[in-house]
Structure formats: structure tokens, C-alpha cells
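Novice: Can you read through this structure? Questions will come right after.
All of the numbers you see were taken from the coordinates with simple rules; none came from a lab. Being a predicted model, the structure only gives us computed values, none of them experimental.
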Amino acid sequence: MPEPSSPRYAIYYTPAPEHPLTVAARPGLAATHSTAPRGYGFHVTLKAPFRLNEGCSVEKLERTLRRFVAAWLPCPIGPLKIDLLGGSSALVPVNPIPTLRALPRALSRSSMVSGRP
């Protein structure tokens, strides 16, 4: 089991810099990058913060993610609605999207990710 002080990782999707959502969010973001979610701009949390298991490297995580995304087709998300998640405004899909849950499930079943946040 990893040490409580070991780094945590999370997997996010963010629209491209020129995407209308990104452009619309710019005025509300701080001039410097923040580790608070509001500093990330619009994003989707695909895998909440986690620690790597002992013996697993960041390089292995990156290789695994590259293989994963290469094997999956784009995932249409359909209509979105504004909701509150953890005190922050969020765009969330109106309908459940099982494909989006594949990555966190696959990582959780792997030997890379600790059960500790």
C-alpha cells in the first residue's frame, strides 16, 4: 500500500484551448494556474484523485492510458446540464454514459491504483 504522503494523480478531460467552452471560461479563471478545481477551467473528471500502488511508475500509468485511449472510439456525451458537484458548478451529461465509466473501472481493477485516495 502506498504511503499517505505519496503523490496523488487524477485523470481529466479538458476541451481544446480554442474550444468555445474554454474561451468562455477564461475571464473567470485566475491568471495563474491553481490546484483548486476552479483553476482548471471546464473539465471532466474521468478518475478522481488516486495514488499509484507501490512499484508502479508514472511512466507505466502514462503507457497504460495511451493504450486505453488508442483502443477506444470517441464517446459522444449528448446534452449537458449545469449542476452543483462539491460546491462547484459543473456541466454534467443529462443521460448516463456507460462508456465514460470504463476508464475509472479499468484503472480501479488494475494493479496500478491504490484503493486509498
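Novice: Go through the stretch 50-63 residue by residue and turn each phi into a ³J(HN,Hα) via Karplus (6.51, -1.76, 1.60, θ = phi - 60°); whole Hz please, and just put x for glycine and proline.
Specialist: Values per residue, Gly and Pro as x: 8, 10, 6, 5, 4, x, 9, 9, 4, 4, 5, 4, 4, 4 Hz.
Novice: Shifting gears a bit: In terms of modelled amide H atoms, which long-range or inter-chain residues lie less than 5 Å from the amide H of Lys47?
Specialist: Amide H neighbours of Lys47: Ile11.
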